[in-house]
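> Below is the structure I would like to discuss, written out as structure tokens.
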Amino acid sequence: MNEKKRGPVPTGAHYLDGDHACAEGAIAAGCRFIAGYPITPSTEVAERLAERFPRIGGTFIQMEDELASIAAVLGAAWGGARAMTVTSGPGFSLMQENIGLGVMTETPCVVVNVQRGGPSTGLPTLTGQQDMMQARWGSHGDYEIIALSPSSPQECFDLTVTCFNLSEKYRVPVMFMMDECVGHMTEKVVIPAADTIEVWPRRWYRGPRDKYLPYAPDKDGVPPMIRAGDDHRVHITGLTHDERGYPIITAECQHLCVSRLVDKIRNNADDLMIVKEEQLDGADVVVVAYGISARVATKAIADARKKGIKVGFLRLITVWPFPEKKIRDLAGKVGCLVMPEINLGQMYREMERAAAGKCRTLLVPHCGGWVHDPNDILKAILEGAK
Amino acid sequence: MKYWRKPLDAERKKAPHGNVHVIFERCKGCGFCVAYCPRQVLEVSTEYNRKGYHPPVVTHPENCVNCRLCEALCPEFAIWNTLDEEEARTEPEKAL
Amino acid sequence: MNPDQLVGKRGTPDFHPMEDFLRMDRMPHIWCSTCGLGTVLTAFIAAAQESAIPREDIVVVSGIGCTGRAAGYLKYDSFHTTHGRAIPYATGLKVANPRLKVCLISGDGDLVSIGGNHLIHAARRNMDLTVICVNNFNYAMTGGQAAPTTPQTAMATTTPYGAFERPFNIPFLVDSCGATYVARWTALHVRQLTISIKEAMLHRGFSFIEVISPCPTVYARRNRLGTGLDLMKFYHDHSITKNFASTRECDIKFQQDIIVGKFVQKEEPTYLDSMEAQMKKTLGAKFVPYVGPMDPAKDK
């Protein structure tokens with residue numbers, strides 16, 4: 001590739017696996033800082049970026065562990081870079097404390113988790129979707145993050161750009177919940193022309209330097225951001241803080257600080273909801289799925305439709321904040337919601353809660369290591385149609 | 001100033017003179033300045049400030065040579081020196 | 001130089017000369033009477049001024065603990081991060097924005113215990129950071145637990161019968177990992193400390209300064225060492241200045257002589273230097289150096 005002539009984004013049709021597509025997505029989104037630590041099955045993302053970055057003006061640093069990686073990403077974001085790290089389950093667990101710091105300090109960054117079988121060392125080379133709840137609740141304290149889930153290498157490219165955009169718009173770490181299957185699956189990925197890729201700018205503060213308040217929100221609840229080195233003399237801390245960023249250790253400040261962090265996402269949940277709907281009207285059963293399980297579910301849905309069952313399909317792209325409203329509406333109209341996931345019931349709990357008993361819910365669990373057998377999903381659909 | 005012998009240029013040169021400024025209420029009575037002033041300019045006062053500490057009091061202002069060690073040692077940013085106004089005008093290099 | 005400027009520079013009778021560099025709206029700070037941390041701050045500010053590094057380039061990062069609060073009082077771009085992770089955070093800041101002069105002020109437990117891994121790697125990489133490690137021999141903020149620097153036989157809340165683990169010899173540790181500027185001073189050696197911090201800030205590469213500082217409320221009280229002033233007197237009587245001493249011999253035993261001085265000062269390629277050199281060598285004309293952080297003026 002002759003990057004200098006063509007520019008950093010390799011426009012055209014490619015045959016890439018999910019990891020590589022994610023790397024290209026980061027480049028297309030303007031990310032030029034990666035700090036990572038190798039962990040299967042995410043290593044390819046870092047490896048590709050280690051190779052590409054020196055040719056396109058990015059900087060890649062392999063840190064000594066995942067804790068250092070996420071800390072470096074947060075520091076780099078405050079240094080003014082678009083920053084990302086990639087990991088899998090065990091590394092994701094290590095990163096939780098600093099993800100909390102990222103949420104508390106409202107640092108825009110992307111954390112890619114190419115999920116594998118867990119818990120613990122688990123199945124390093126085989127797929128799972130077992131970190132979904134952890135993405136939302138992994139760190140201590142009350143907080144909200146945004147998480148997206150791709151179902152194909154093409155989406156690994158497209159949604160990485162979306163992840164960066166959302167992280168900038170909401171000044172929050174965004175979790176990109178890939179899985180090993182999508183990460184190691186090679187498919188056609190079409191990369192559009194660089195000037196057609198929508199990359200949202202950072203919400204820079206443009207007022208007088210001495211009046212900057214790092215946590216004074218705009219109308220949508222998100223404060224503008226600056227970078228270190230521009231003489232704003234800002235103080236950023238993980239302690240509960242007021243608008244100036246100064247720590248105030250009181251219940252009142254906690255209420256103001258934390259509620260805003262949470263509301264910032266919850267109040268904008270509708271904007272954040274990205275789903276793909278198919279034949280929901282008049283459906284008796286709706287399959288709700290995300291990630292690789294959604295791909296497998298399409299086979300089961302096709303088979304069920306051949307048997308004459310009215311099956312709708314709701315594919316979740318935004319997994320957090322969970323599209324509660326959508327599920328609540330749907331639950332009033334259908335007989336059963338079926339969710340296949342490669343875990344023993346994580347997003348299913350959210351779906352069941354949102355359905356609030358208005359319809360039946362069925363889980364098609366899988367311990368991990370491989371994708372579902374479509375027949376298992378079909379069986380659940382048939383059961384749901386009864 | 002007590003010398004062990006008279007310097008040969010004592011007539012031409014003299015040590016700078018500094019003024020000590022203390023923010024009475026800021027002091028937390030650590031005693032560093034009093035203990036380490038090389039010219040014994042300060043003493044621990046018997047007065048209390050609002051925090052309940054005894055700030056330093058300048059008992060020998062004529063001895064201060066603007067060495068600024070009190071300024072450097074103070075953990076509370078409560079004491080500092082300024083060079084004597086007259087000297088600052090005529091011999092500015094002494095301030096450095 | 002205009003003498004009026006000098007007087008102004010020195011501060012006026014009403015304002016301490018360093019007030020512009022402190023967040024006065026957060027004063028008084030939380031540190032105890034006779035704690036040495038305030039002194040470390042004055043040394044830092046004086047050194048930063050003397051180094052003539054532009055103020056906007058200076059960034060202060062700290063961890064958690066009493067020393068960790070230092071970032072909160074300094075009026076530069078300052079970051080108060082999680083326990084032990086100040087160094088990788090600072091690495092991220094530096095690598096993403098190489099123009100910055102990234103300084104760390106953090107405690108012994110934060111840097112050498114939970115942050116130990118990050119310390120040795122930053123030293124290994126010769127990452128261009130200035131690290132000021134304030135060593136008060138325990139975890140003071142949380143009440144005085146033993147730290148990897150607590151000398152044997154000393155009392156701490158988690159070693160109520162006396163510490164028995166061998167403590168770290170921090171200058172030896174960072175020197176062996178490749179730090180290119182290593183010094184140790186006490187809070188009493190404020191002038192030497194100021195000079196060291198200035199040299200460290202101007203030094204290209206990983207600079208590490210250990211500052212032995214009194215902890216009156218916790219370490220000194222539990223070990224019956226008096227107040228911070230008594231500890232300063234101890235440092236006065238028991239510190240031996242040995243510039244360029246072998247760091248191997250710089251361990252600290254409980255209430256015994258402390259070797260201070262500038263131990264290591266050498267020039268070696270920093271992380272960014274090495275990266276650029278290697279890329280240029282292998283990629284040649286195809287190498288595109290890091291474009292730097294986003295520019296708010298252009299990112300719209």
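> What about A:G245, is it under 19 Å from A:L101 (Cα atoms) and in a loop (DSSP other than H, G, I, E, B)?
When the stated conditions are applied, A:G245 passes them.
> Something else now. Looking only at strands (runs of 3 or more DSSP E) that fall completely inside region A:266-332, which ones have 2 or more residues that are more than 16 Å from the chain's Cα centre (by Cα)?
Result: A:275-278, A:285-289, A:311-316.
> Looking at C:V182, C:V211, can you tell me which residue is within 13 Å of chain B (Cβ to nearest Cβ), within 27 Å of C:A48 (Cβ to Cβ) and at pLDDT 95 or above?
None of the others qualify; the one that does is C:V211.
> Given the criteria buried (at least 22 other Cβ atoms within 10 Å of the Cβ), of a type in the set (A, V, I, L, M, F, W, C) and within 23 Å of A:V222 (Cβ to Cβ), does A:I70 qualify?
Yes, satisfied.
> Got a number for residues in region A:183-213 being touching a residue at least 60 places away in the same chain (Cβ under 8 Å), assigned to a loop (DSSP other than H, G, I, E, B) and either on the phi > 0 side of the Ramachandran plot or surrounded by 11 or more Cβ atoms within 10 Å (Cβ to Cβ) (or both)?
5
> Still on this structure, please answer the following. Would you check if there is a residue in region B:9-24 being modelled with pLDDT of 95 or more and touching a Lys or Arg at 6+ places or on another chain (Cβ under 8 Å)?
no
> Give C:T270, C:T282 a once-over and let me know the one that is within 14 Å of chain A (Cβ to nearest Cβ), without any contact (Cβ under 8 Å) to a residue 24 or more places away in the chain and among the hydroxyl-bearing types (S, T, Y).
None of the others qualify; the one that does is C:T282.
> Look through region C:1-24, keep the residues that are more than 8 Å from chain B (Cβ to nearest Cβ) and at pLDDT 90 or above, and return whichever of them is surrounded by the most Cβ atoms within 10 Å (Cβ to Cβ).
Going through the qualifying residues, I end up with C:F21.
> Hey, any hits in region A:120-128 for a residue that's surrounded by 24 or more Cβ atoms within 10 Å (Cβ to Cβ) and in the same structural domain as A:A46 (by TED's automatic domain parsing)?
Yes; the residues of region A:120-128 include at least one that is surrounded by 24 or more Cβ atoms within 10 Å (Cβ to Cβ) and in the same structural domain as A:A46 (by TED's automatic domain parsing).
> To continue, here is another question. Looking only at region B:43-78, filter to residues that are within 20 Å of C:L188 (Cβ to Cβ), out of contact with any Cys (no Cβ under 8 Å at 6 or more places or on another chain) and part of a helix (DSSP H, G or I); which one of those is farthest from the other protein chains (Cβ to nearest Cβ)?
B:E71
> Can you confirm whether A:A72 is within 14 Å of chain C (Cβ to nearest Cβ) and touching a strand residue (DSSP E or B) at 6+ places or on another chain (Cβ under 6 Å)?
Taking the combined requirement at face value, the residue satisfies it.
Quick grid of which residues meet (1) buried (at least 22 other Cβ atoms within 10 Å of the Cβ); (2) out of contact with any Asp or Glu (no Cβ under 7 Å at 6 or more places or on another chain); (3) small (G, A, S):
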residue: A:R305; (1), (2), (3): no, yes, no
residue: A:I327; (1), (2), (3): yes, yes, no
residue: A:G335; (1), (2), (3): no, no, yes
residue: A:M347; (1), (2), (3): yes, no, no
residue: A:A355; (1), (2), (3): no, yes, yes
residue: A:K358; (1), (2), (3): no, yes, no
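> Here's a follow-up. Within region C:70-129, count every residue that is closer than 23 Å to C:S213 by Cα, of a type in the set (K, R) and surrounded by fewer than 24 Cβ atoms within 10 Å (Cβ to Cβ).
1
> Turning to a different aspect of this structure: Looking for something surrounded by 23 or more Cβ atoms within 10 Å (Cβ to Cβ) and either touching a strand residue (DSSP E or B) at 6+ places or on another chain (Cβ under 8 Å) or in contact (Cβ under 8 Å) with a residue 40 or more places away in the chain (or both) - is there at least one such residue anywhere in region C:239-252?
Within region C:239-252 (the criterion being surrounded by 23 or more Cβ atoms within 10 Å (Cβ to Cβ) and either touching a strand residue (DSSP E or B) at 6+ places or on another chain (Cβ under 8 Å) or in contact (Cβ under 8 Å) with a residue 40 or more places away in the chain (or both)), the answer is no, since none of the residues qualifies.
> What's the total number of residues in region C:284-300 that are under 17 Å from A:G7 (Cβ atoms) and either among the aliphatic types (A, V, I, L, M) or touching a Lys or Arg at 6+ places or on another chain (Cβ under 6 Å) (or both)?
Qualifying residue count for the region: 5.
> Quick one: A:V234 ticks every box in (1) within 22 Å of the chain's Cα centre (by Cα); (2) touching a residue at least 12 places away in the same chain (Cβ under 8 Å) except a single one, so which number is it?
With respect to (1) within 22 Å of the chain's Cα centre (by Cα); (2) touching a residue at least 12 places away in the same chain (Cβ under 8 Å), A:V234 is out only on (1).
> Kindly check whether there is at least one residue in region A:226-242 that is more than 10 Å from chain C (Cβ to nearest Cβ) and β-branched (V, I, T).
Looking for residues that are more than 10 Å from chain C (Cβ to nearest Cβ) and β-branched (V, I, T), one finds at least one in region A:226-242, hence yes.
> A further question on this structure: Look at region C:77-107 and say how many of its residues are of a type in the set (S, T, Y) and more than 19 Å from A:Y37 (Cβ to Cβ).
2
> Moving on to the next point. Among C:G38, C:G68, which is the only one that is at negative phi, within 14 Å of chain B (Cβ to nearest Cβ), part of a helix (DSSP H, G or I) and in contact with a His (Cβ under 8 Å, 6 or more places away or on another chain)?
So the residue among C:G38, C:G68 that is at negative phi, within 14 Å of chain B (Cβ to nearest Cβ), part of a helix (DSSP H, G or I) and in contact with a His (Cβ under 8 Å, 6 or more places away or on another chain) is C:G38.
> Being under 16 Å from C:D257 (Cα atoms) and either modelled with pLDDT of 95 or more or in contact with a His (Cβ under 8 Å, 6 or more places away or on another chain) (or both): is that true of C:N126 here?
Spelling it out, it is not the case that C:N126 is under 16 Å from C:D257 (Cα atoms) and either modelled with pLDDT of 95 or more or in contact with a His (Cβ under 8 Å, 6 or more places away or on another chain) (or both).
> Residue check, C:I87 against (1) at the interface with chain A (Cβ under 7 Å from one of its Cβ atoms); (2) in a helix (DSSP H, G or I); (3) β-branched (V, I, T); (4) under 21 Å from C:N135 (Cβ atoms), all met but one. Which one?
(1)
> Another question, then. Out of all the residues in region A:48-58, is one or more more than 10 Å from chain C (Cβ to nearest Cβ), assigned to a helix (DSSP H, G or I) and in contact (Cβ under 8 Å) with a residue 60 or more places away in the chain?
Checking region A:48-58: not a single residue is more than 10 Å from chain C (Cβ to nearest Cβ), assigned to a helix (DSSP H, G or I) and in contact (Cβ under 8 Å) with a residue 60 or more places away in the chain.
> Within region A:198-210, identify whether any single residue is farther than 18 Å from A:C31 by Cβ and either of a type in the set (D, E) or in contact with a Ser or Thr (Cβ under 9 Å, 6 or more places away or on another chain) (or both), and answer yes or no.
Checking region A:198-210: at least one residue is farther than 18 Å from A:C31 by Cβ and either of a type in the set (D, E) or in contact with a Ser or Thr (Cβ under 9 Å, 6 or more places away or on another chain) (or both).
The values are calculated or read from the model by the stated rules, or taken from the named source; none is laboratory data. Remember, it's a predicted structure, so these values are computed and weren't measured experimentally. Positions of Cβ are generated from backbone atoms using ideal geometry, with glycine treated the same way; all protein chains shown enter the neighbour counts.
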